[in-house]
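Asker: Below is a structure I'd like to ask you about.
The values are calculated or read from the model by the stated rules, or taken from the named source; none is laboratory data. A quick note: this is a predicted structure, and the numbers were derived from the prediction, not measured. Cβ placement follows ideal geometry from the backbone for every residue including glycine, while neighbour counts extend to all protein chains displayed. For the accessible areas, the whole protein counts, side chains as well, though only heavy atoms, and no ligand, DNA or RNA atoms are used. Shrake-Rupley method; radii C 1.70, N 1.55, O 1.52, S 1.80 Å.
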Amino acid sequence: MLGPWAALWIAAVLLCGAVAQYSSDQCSWRGSGLSHESHRRDVEQVYLRCSQGSLEWLYPTGAIIVNLRPNTEPSSGHMAGLHVCIKPYTYSQGSHVYLERAGDLTLLLPEKDHAEGTVHCFSLPEGALFVEAVPQTDISRRITAFQYELVPSQGPGAHMYPYLHPGLVTCKPCSDEEILMAVCTSDFAGSGIFQGVASDTHTPSPVAVTLTRLFRQKGRMFVWRGSRRRRWTGRINVPAQCGVRPGGDEYLLTGSVHFGEAWLGCAPRYKDFLKLYIRAQKAGTNLCHIDVV
């Protein structure tokens with residue numbers, strides 16, 4: 001069900017075009033509905049050309065169309081396998097978020113669901129985001145705000161991120177090629193053991209891990225702790241279907257970072273990875289060098 005002015009706004013944009021409001025920051029945008037409060041049917045165009053960022057719309061009035069693109073040349077073909085994932089801040093309110101394609105709107109995130117902070121994803125070629133302000137008599141405390149990321153739907157461990165393909169998450173082992181690529185290209189890679197699992201078995205669970213080696217990490221997902229036996233510690237989100245158990249074997253732990261959280265990707269037993277890595281090293285087919293000792 002579209003909002004009261006959504007169809008009219010879309011038609012106006014297609015027939016006449018809206019005045020483009022370009023953001024000076026290609027990754028994030030911050031604007032105010034007060035700039036066109038007297039023209040509540042206005043639609044602003046927002047252009048963001050970055051792999052991740054945020055949007056903050058103060059006192060939402062009217063609507064904005066958010067056009068997201070990777071920071072690459074259009075001819076590179078990178079768009080085909082990309083998804084857009086958005087995560088509203090828990091204080092976000094005042095707007096419905098639609099997926100807009102060729103004038104058709106599909107409700108992606110109703111206003112009442114913003115406070116849950118749930119991630120929603122869609123294929124980048126599917127269209128843009130149409131953010132429609134909910135009519136209010138008092139907009140003084142309304143802020144629509146969310147983070148976004150451009151996420152590849154293919155590659156090592158991509159099948160483990162539940163928001164890309166809801167209900168289709170699989171925990172199948174990665175191939176040898178995927179493992180060798182994952183250790184070189186993932187947002188984090190290290191070796192360690194699972195320490196504990198959250199009690200909720202129906203949703204992705206944050207699992208405590210201890211790493212004896214840390215080859216790479218994006219941000220500070222893992223911190224160096226301890227007194228006598230210092231180790232890297234942190235938490236990794238694991239799909240409930242994977243059923244990891246604390247203790248036991250040491251694993252190569254790789255994965256991606258989304259909205260400040262680590263998600264498990266390829267995770268073979270470390271002894272099996274060592275055999276694979278040494279074999280590839282002798283054959284000269286390794287994509288990168290890491291200190292596996």
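Asker: For region 201-293, which fully contained strands (runs of 3 or more DSSP E) count at least 3 residues that are surrounded by fewer than 17 Cβ atoms within 10 Å (Cβ to Cβ)?
Answerer: 205-217, 222-225
Asker: Among the listed residues Ala128, Ala133, Ala145, which satisfies the condition of being modelled with pLDDT under 95 and touching a Ser or Thr at 6+ places or on another chain (Cβ under 7 Å)?
Answerer: Ala133
Asker: Hey, does region 146-156 have a residue that's part of a helix (DSSP H, G or I) and either free of Cβ contacts under 8 Å to residues at least 60 places away in the same chain or farther than 20 Å from Leu68 by Cα (or both)?
Answerer: Among the residues of region 146-156, not one is part of a helix (DSSP H, G or I) and either free of Cβ contacts under 8 Å to residues at least 60 places away in the same chain or farther than 20 Å from Leu68 by Cα (or both), which makes the answer no.
Asker: Restricted to region 95-104, and to residues that are modelled with pLDDT under 95 and farther than 19 Å from Pro70 by Cα, which residue is surrounded by the fewest Cβ atoms within 10 Å (Cβ to Cβ)?
Answerer: Ala102
Asker: A follow-up question, please. Can you pull out the residues in region 151-186 that are modelled with pLDDT of 90 or more, of a type in the set (A, V, I, L, M) and open to solvent by 20 Å² or more (accessible area, probe 1.4 Å)?
Answerer: Residues satisfying the conditions are Leu180, Met181.
Asker: Would you say Phe215 is of a type in the set (Phe, Trp, Tyr) and within 30 Å of Val84 (Cβ to Cβ)?
Answerer: yes
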